[in-house]
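K.L.:
This structure is in structure tokens; I'll ask about it shortly.
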2 protein chains.
Amino acid sequence: MSEVREKAALAKSAAQVMNRMTTQQKNEALLAMADALVEQQASIIAANAEDIERGRGNGTSESLLDRLKLTPERIHGIAEGLKQVVELPDPVGLTLESFQRPNGLRVEKISVPLGVIGMIYEARPNVTVDAAGLCLKTGNSVVLRGGSAALASNQRIVEVLRAALESTALPADALQLVEDPSRASVDEMLKLNGLLDVVIPRGGASLIRNVVENATVPVIETGAGICHTFVDAGASFDMASDIAFNAKVQRPSVCNSMETLLLHESFAAEHLRSLADRFLTASVELRGCERTRALVPEAAPVSDTDFATEYNDYIMNIRIVDDLDQALGHIARFGTMHSECIVTENAENAANFMQRVDAAAVYHNASTRFTDGFEFGFGAEIGISTQKLHARGPMGLPALTTTKFRVFGNGQIRG
Amino acid sequence: MSEVREKAALAKSAAQVMNRMTTQQKNEALLAMADALVEQQASIIAANAEDIERGRGNGTSESLLDRLKLTPERIHGIAEGLKQVVELPDPVGLTLESFQRPNGLRVEKISVPLGVIGMIYEARPNVTVDAAGLCLKTGNSVVLRGGSAALASNQRIVEVLRAALESTALPADALQLVEDPSRASVDEMLKLNGLLDVVIPRGGASLIRNVVENATVPVIETGAGICHTFVDAGASFDMASDIAFNAKVQRPSVCNSMETLLLHESFAAEHLRSLADRFLTASVELRGCERTRALVPEAAPVSDTDFATEYNDYIMNIRIVDDLDQALGHIARFGTMHSECIVTENAENAANFMQRVDAAAVYHNASTRFTDGFEFGFGAEIGISTQKLHARGPMGLPALTTTKFRVFGNGQIRG
């Protein structure tokens, strides 16, 4: 049996114990995990140093190496994250609906764990701990498949966490790490119907595309965000400038940052030049439509390919549109249904935008950067779903549960 | 552009109108559809006669032909079904959550249509109308791909329904029928990411397997049901016999019927013989474990393949188990997480079973045949989900919606 299948089978067996764990048992386990990470930090940092050294040898960029790097402070922060999950309400075992049928059957719909969750992700080793904490808190088993760049770190972290579980009521087998760094192990996970109940990919566009295109296990798609800000005629310049600048510049590498700024022609005529200067001063590369370039010659020509690209970088497209409808058409064509914003003082246009844009989150007069489980007050985030089934937008703990109907009778049969 | 892609694109354009339709507009459309079916029944029955004749020529069994056949009474019943959907509450546009963040952002989570639903199904033309009604009522567009055996019926029905929509506020393009009867049209639908938001297969195991294995569009898996009834030690003979008999015999062709009867050894020792006689008298073919065959020599030997087969027929497996744990192990191994039942007077065993069995619906002292949207009081059913994401068990109208976060600010940016 392959490593992947064997570990998934162990996780599935453990899931049948996990779904009976009480909130207290799960919380005690998370606290034990947090303590163990801090106690064992020296060995974790030593393993991490191997990953860093190998990465440097491979020519990995210093910015990526920095994301990979673990320090005592970062490990402390990761452990604190587990403790925060302990404080969150347990979404398992809630009676979501309860009703009696005329024939006397009593039907209850209750929240239950999903079962076994496969997580496929890239570099940063903090995801290993976060995902373990969130999945175990919700009564699930989890099979982690992190990026090969962090393999030594992930191996040591999971060793530490599993050892911590041994002293708790939770089965250590509920936490599994796939150590095979080859693409084959991912491909195998994607087809493990019957062992994995869901696969959640977290990472870049190509990782997510591979999962969506090849998985037969149900997937929760996360991440890709081509987000727009549309500035309407008559919008406040200061507000529009601040929101657009924040959406693009505050953290360009993340999915809820803006890629394309859509401007009503009348706003653009008055304000585009000074708006563009703000971005240029911040070293944002501009790509614009012809009308944009007439006002901002520094902008390079923009193509449909640009409009369809998630830059995750200091690059921004600008397009001038005739009206709201043209903006809506652009968003419908190029958006990824993640986060979309309108800046306007016109109530009717705002209502239209909020109603008609098909996205996980739509904003009126606020930055798209707020699409985030912590910013929404969920206290945790397993990812941001960009699909419509099961969960949409920031996913807190309830996204890691499903439901079960319990039906109580006294001999009812169907006539 | 292929037929499938062209029709899906039309459906997607129409979805942007559909999601703004009011409850009244949608209900008026469904009533117009119901009236048109009755008014145009002669032409529908004529088209159906072509299907019947072609089917008879192909050697289709009379029982399948009967399922395919439309009569004035059946068309009247189908139209009545649409009128019942009119009476159901509209699940779209509900504010499911609403909260204010410390920074002043107001966040609303509202229910919205899924968008464009692909339905892939087999013979019976009533599904064409049912699916159209449920999808339109929930503000979705739908692309129907029915079985080739009902093609002429489906073509005429959809023609009638689209003509009826012309007189309403709803865009006729929200309702599309794929007419290409080849397997290629199904395969193409399964990959239409960006045009279809979800695919729902309804039909036999091979249809569903093909969809699950090949779709890159998110799927709601429905249908396959290997359901068990476990009769515990000390269960009432009459109750156990009635529940098991109902679960197997009342309608063996459907997914919530029982395939395998699990008997505690002490119950079996006392009652198996008379229980078996009841099934044999009803011409149910029995396949049993060795201990079963010692008591019921008429039973053929049962194999693991039998335990893993959804017969949908008058065939039943019987296995004698030592205790509840062995029954739970059998269900975990062979069940399809659809519907599972325990018949017992032992409260602790009942609680254990209801907690530990991982299925869409678990029953204490009632027939598994109740897993059904109408029996649960949902007033409609688009199918029975056997997956854990999005919807589990009988799916009523809310299963055809997703959610959207609307965020209202006054210039908030992220710090």
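The values are calculated or read from the model by the stated rules, or taken from the named source; none is laboratory data. Only a predicted model underlies this, so the values are computations on that prediction, with no experimental measurement involved. Note that each Cβ is placed from the backbone with ideal geometry, even for glycine, and that neighbours are counted across all protein chains shown. Keep in mind that these areas ignore ligands, DNA and RNA; they rest on the heavy atoms of the full protein, side chains included. Shrake-Rupley method; radii C 1.70, N 1.55, O 1.52, S 1.80 Å.
K.L.:
Farthest toward the dipole's positive end in chain A, which of A:219, A:206, A:337, given Cβ charges of +1 (Lys, Arg) and -1 (Asp, Glu) about the Cα centre?
P.N.:
The residue sitting farthest along the positive end of the dipole is A:219.
K.L.:
Here is a further query. Only counting protein heavy atoms at a 1.4 Å probe, give the residues of region B:1-42, ordered by number, whose accessible area falls by 10 Å² or more when the other protein chains are present relative to the chain alone.
P.N.:
Residues losing area: B:12, B:16, B:19, B:20.
K.L.:
Given the protein assembly as shown, what percent of its DSSP beta bridges are antiparallel, to the nearest 5?
P.N.:
Numbers: 34 of 122 bridges.
Taking every DSSP beta bridge within the protein assembly as shown, about 30 percent pair in antiparallel fashion.
K.L.:
For residue B:209, go 7 angstrom from Cα along the Cα-to-Cβ vector, then report the distances to that same point in the other copies in nm, smallest first.
P.N.:
Ordered by distance, the counterparts are at 3.1 nm.
K.L.:
In whole angstrom, note down how far apart the Cα centers of region B:90-152 and region A:127-147 are.
P.N.:
That distance is 32 Å.
K.L.:
Give the cross-link partners of residue B:388 among the aspartates and glutamates, using a straight C-alpha distance below 12 Å as the criterion and excluding same-chain residues fewer than 8 apart.
P.N.:
Once the sequence-local aspartates and glutamates are set aside, what remains near residue B:388 is A:197, B:221, B:358.
K.L.:
Write down the accessible area per residue of chain A in Å², having rolled a 1.4 Å probe over the full set of protein chains.
P.N.:
On the way: 15460 Å² over 415 residues.
With the other protein chains kept in place, chain A gives 37 Å² per residue.
K.L.:
Apply the Karplus curve 6.51 cos²θ - 1.76 cosθ + 1.60, θ = phi - 60°, to the phi angles in region A:16-27 and return the couplings in whole Hz, x for Gly and Pro.
P.N.:
Karplus values, whole Hz, x for Gly and Pro: 6, 8, 3, 6, 9, 5, 7, 4, 5, 4, 5, 5.
K.L.:
Distance between the C-alpha centers of region A:334-381 and region A:189-223? Whole Å please.
P.N.:
Cα centres, region A:334-381 to region A:189-223: 26 Å.
K.L.:
In addition: Normalised by the empirical 2.2 N^0.38 Å for globular proteins, what value does the Cα Rg of the protein assembly as shown take? The partial results should precede the final answer.
P.N.:
Numbers: Rg = 28.5 Å, N = 830, 2.2 N^0.38 = 28.3 Å.
Ratio of Cα Rg to 2.2 N^0.38 Å: 1.01.
K.L.:
Given a 1.4 Å probe and every protein chain left where it sits, what share in percent of the accessible area of region A:227-370 is carbon and sulfur? Intermediate values should be presented prior to the final figure.
P.N.:
Values: 2440 of 5170 Å².
Here carbon and sulfur together make up 47 percent of the probe-accessible area.
K.L.:
Right, something else. Can you name the chain B residue with its Cβ nearest the rotation axis from B to A, and give the distance in Å as a whole number?
P.N.:
Whole-Å result, nearest residue of chain B to the axis: B:390, 2.
K.L.:
Next up: Rounded to the nearest 100 Å², what's the accessible area chains A and B bury against each other, both chains counted, probe 1.4 Å? Display every interim value, and only then the final one.
P.N.:
Details: alone 18370 and 18390 Å², together 30920 Å².
The buried area between A and B, both sides summed, comes to about 5800 Å².
K.L.:
Let me ask another. Below 8 Å, C-alpha to C-alpha, sequence gap of six or more: please give me the relative contact order for chain B in percent. Please report the intermediate quantities before stating the final value.
P.N.:
On the way: 835 pairs, mean separation 74.7, N = 415.
Averaging sequence separation for qualifying contacts and normalising by length gives 18 percent for chain B.
K.L.:
Could I ask something else about it? Defining the label point at 7 Å along Cα→Cβ, can you sort the distances from residue A:73 to the same site in each other copy, shortest first, in nm?
P.N.:
8.0
K.L.:
Considering only Cα-Cα distances, which of the following residue pairs are longer than 31 Å: A:69/B:191; A:7/B:248; B:12/B:83; A:248/B:7; A:12/B:12? If you can, show how the numbers build up before the last one.
P.N.:
Numbers: A:69/B:191 39 Å; A:7/B:248 37 Å; B:12/B:83 26 Å; A:248/B:7 37 Å; A:12/B:12 39 Å.
Long pairs (Cα-Cα over 31 Å): A:69/B:191; A:7/B:248; A:248/B:7; A:12/B:12.
K.L.:
So, one more: Could you tell me the largest-minus-smallest coordinate of the C-alpha atoms of chain B on each of the three principal axes, in descending order and whole angstroms?
P.N.:
Reported extents, whole Å, longest axis first: 70, 68, 36.
K.L.:
Whole-Hz Karplus ³J(HN,Hα) for region B:304-315, in order, using 6.51 cos²θ - 1.76 cosθ + 1.60 and θ = phi - 60°, x for Gly and Pro?
P.N.:
Whole-Hz 3J(HN,Hα) from phi for region B:304-315: 4, 4, 4, 4, 9, 10, 8, 5, 6, 7, 7, 9.
K.L.:
Would you grab the residues whose amide H sits under 5 Å from the one on residue B:231? Only those 5+ places off in sequence or on another chain, please, with H modelled 1.01 Å from N.
P.N.:
B:262, B:263, B:264, B:343
K.L.:
I need the phi-derived Karplus couplings for region B:399-415: 6.51 cos²θ - 1.76 cosθ + 1.60, θ = phi - 60°, integer Hz, Gly and Pro marked x.
P.N.:
5, 9, 10, 10, 10, 9, 8, 10, 10, 10, x, 9, x, 4, 10, 8, x
K.L.:
Hey, what's the per residue convex hull volume over the C-alpha atoms of region B:227-370, in cubic angstrom?
P.N.:
On the way: hull volume 12.6 nm³, N = 144.
Enclosed volume per residue, from the Cα hull, is 88 Å³.
K.L.:
So the label point sits 7 Å from Cα along the Cα-to-Cβ vector; using that for residue B:53, what distances do you get to the other copies, in nanometres, sorted shortest first?
P.N.:
Label-point separations across copies, in nm and ascending: 8.3.
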